Amino acid sequence: MIKRELCFETQADEMTIAEAYDALFAEMESGKAGYYLLPESDMVSRIDAFIDTYDFDARGIRNIVVIGIGGSSLGTRAIDTLLRHTSSRNGRRLVFFENVDPLEISDNLADLRFEESFFIMISKSGSTIETTSHVKFLLAHFEVSIDSERFREHFAFITDADSPLDQFGKDAEVPVFHIPHNVGGRFSVLSAVGLLPLRLLGYDTRALLAGAGALKNSFFERKEDLLVLKAHHYAKHHKEVPINVLFSYGSSFRDFNAWYVQLWGESLGKKRSDGTHVGLTPVGIIGSIDQHSFLQLLIEGPRDKTVTMIKVDDFEKEIEIPDISLPHIEKTDYINGHTFQELLNAQCDATMESIMQQGISVDEIEMGRLDEYNVGYLIMYYELLTSLCGHFLGVNTYDQPGVELGKQILKEKFAR
Ligand code: PA5
């Protein structure tokens, strides 16, 4: 169960709200954005069949190695971190070859035995420099030839149909799963990109899609005015209030926050066709930790931020703060006998109240439990919100022309 509440005044006339629903419906119908249809895709069944055939247990696969970056890794990381407490991960480890940081690469290699590992190379374009460099390195490190049985049995590719990686996979007879052409990297976590690694780790990917599908259906039944109003509010005030702070109460939201930053940053920071630059700057922080760092800036700093609080009702872990009085620190005894969850959630409520008292726009997403259904719902919530903000800002939410120049300059540097 997820409850959402807007704690700020916002207005949009009926026509504006109806046009927003229509705009996203048109994106779905025209095929401009394909993520809307992922909850109903048959990819889950195809992945289940693949896993049955491959028989990962009999082969002793203990490491699921994701080689990818950006939209090809962040979503899987986010969902795994949110759900890790619910699963033994089938006794497997999840390893990411993501950043081209030599220290991280050498850390990753510790205890990584090839015969116990399944490598999933994920790249929509098929030729991202970080990802291809990692694959080259791993092939050389483990002395794997691309025309060997070892390669075919320990690798799978996830990419666009007809990408260079798709061609490579076909030639090498490596299993290949496709990302629909109209599903952008940062919107792809509910495609094979997330579903294959997450299923291998034992997560209930059907429940994940059911949660996402429930919100998507409710949205297209035009029952999600709060979501539309929130996006409208952000876009309307984007010049004076350009920063959106996601204040997530729980350490397991750290990677979700990073996913949100990428989704929001790449989708909404754009140059419009009239040449104006727009965007909503995403900031992800964690409660209660960042009450001791960012909160001061929120409360007394420039009035350029909106805030969304995320709170979990039930962490399914009752840990009590014992009734112990420490000498000279008796003033903290008011919390004795309460649970850590009670403390965390009360801190969330108190912080939210303090932000509201400053007249800052703040809203709250309250999740019942961190399970697959609720996490799927939350993913879809942020994807729809991003599309709605893009609509109201008048930008193309689904492209990212701004990242191309740096790639070009990089190439030139190595050509010199
Ligand atoms: O969202 C996006 O489109 C990007 O962040 C990509 O996911 C990222 O650049 C990786 O690209 P690719 O999946 O093509 O390797």
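The values are calculated or read from the model by the stated rules, or taken from the named source; none is laboratory data. Nothing here was measured: the structure is a model prediction, and the numbers come from that model. All Cβ positions, even for glycine, are placed from backbone atoms using ideal geometry, and neighbour counts span all protein chains on display. The protein model used for the area step is the full one, side chains on, heavy atoms only, and it has no ligands, DNA or RNA in it. Shrake-Rupley method; radii C 1.70, N 1.55, O 1.52, S 1.80 Å.
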**Report entry** Accessible area of segment 1-149 divided out per residue, in Å², using a probe of 1.4 angstrom
**Finding:** 49 Å²
Requested in this report: Treat each spin label as a single point 7 Å out from the Cα along the C-beta direction, and report the residue 57 to residue 330 distance in nm.
Outcome: 5.8 nm
Report task. Run the quick spin-label model on residue 237 and residue 347: label points 7 Å from Cα toward the beta carbon, then report their separation in nm to one decimal. Result -> 2.6 nm
Query raised in the report: Nearest 10 degrees, 0 to 90: what angle lies between the long axis of helix 225-236 and the longest principal axis of the chain (Cα atoms)?
Result: 90 degrees
Report summary line: Over the chain, the sum of -39500 (n - 2.57) across DSSP H runs of at least four, divided by residue number and rounded to 500 deg cm²/dmol, gives at 222 nm -14000 deg cm²/dmol
Query raised in the report: If you roll a 1.4 Å probe over segment 33-203 with all protein chains in place, what percent of the accessible area is carbon or sulfur?
Result: 51 percent
Query raised in the report: Straight-line reach from residue 407: which aspartates and glutamates have a Cα under 14 Å away, not including same-chain ones fewer than 8 places off?
Result: 130
Query raised in the report: How much of the accessible area of segment 263-327, in percent, comes from carbon and sulfur atoms when a 1.4 Å probe is used?
Result: 54 percent
Report summary line: Note on segment 103-222: C-alpha Rg/Rh, Kirkwood Rh, two decimals, gives 1.03
Report task. At most 14 other Cβ atoms within 10 Å and a DSSP loop assignment: could you name the GluC sites (Glu not before Pro) in segment 309-345 that fit? Result -> 316, 318
Query raised in the report: For segment 49-137, what is the convex hull volume of its Cα atoms per residue in Å³?
Result: 119 Å³
Requested in this report: Report the equivalent ellipsoid semi-axes for segment 33-203 in whole Å, largest first, defined as the square roots of five times the eigenvalues of the gyration tensor built from alpha carbon atoms.
Outcome: 21, 19, 17
Requested in this report: Starting from segment 57-99, pick out the trypsin sites (Lys or Arg not before Pro) whose DSSP state is loop and whose Cβ has at most 13 other Cβ atoms within 10 Å.
Outcome: 59
Query raised in the report: Once the other residues with Cβ under 10 Å from the Cβ of residue 116 are scored (Lys, Arg +1; Asp, Glu -1), what is the net sum?
Result: +3
Query raised in the report: Given 10 Å bins starting at zero, what is the percent of C-alpha pairs of segment 315-397 in each, up to the one with the largest pair distance?
Result: 14, 25, 32, 18, 8, 3, 0
Report summary line: Rh (Kirkwood, all Cα-Cα pairs) for the chain, Å, reads 22.9 Å
Query - Surface accessible to a 1.4 Å probe, per residue, for the residues of segment 282-365, Å² - result: 56 Å²
Requested in this report: Estimate the FRET efficiency between residue 153 and residue 356 by the formula 1/(1 + (r/R0)^6), using the beta-carbon distance for r and 56 Å for R0, to the nearest 0.05.
Outcome: 0.50
**Report entry** Spacing of the two label points (7 Å from each Cα toward its C-beta) at residue 339 and residue 277, in nm
**Finding:** 4.8 nm
**Report entry** Contact order relative to length of the chain, as percent, for alpha carbon pairs under 8 angstrom and 6 or more apart
**Finding:** 22 percent
Requested in this report: Output the pairs from 136/411; 230/270; 305/331; 223/317; 32/124; 124/305 with a Cα-Cα distance over 24 Å in this structure; if there are none, say none.
Outcome: 305/331; 223/317; 124/305
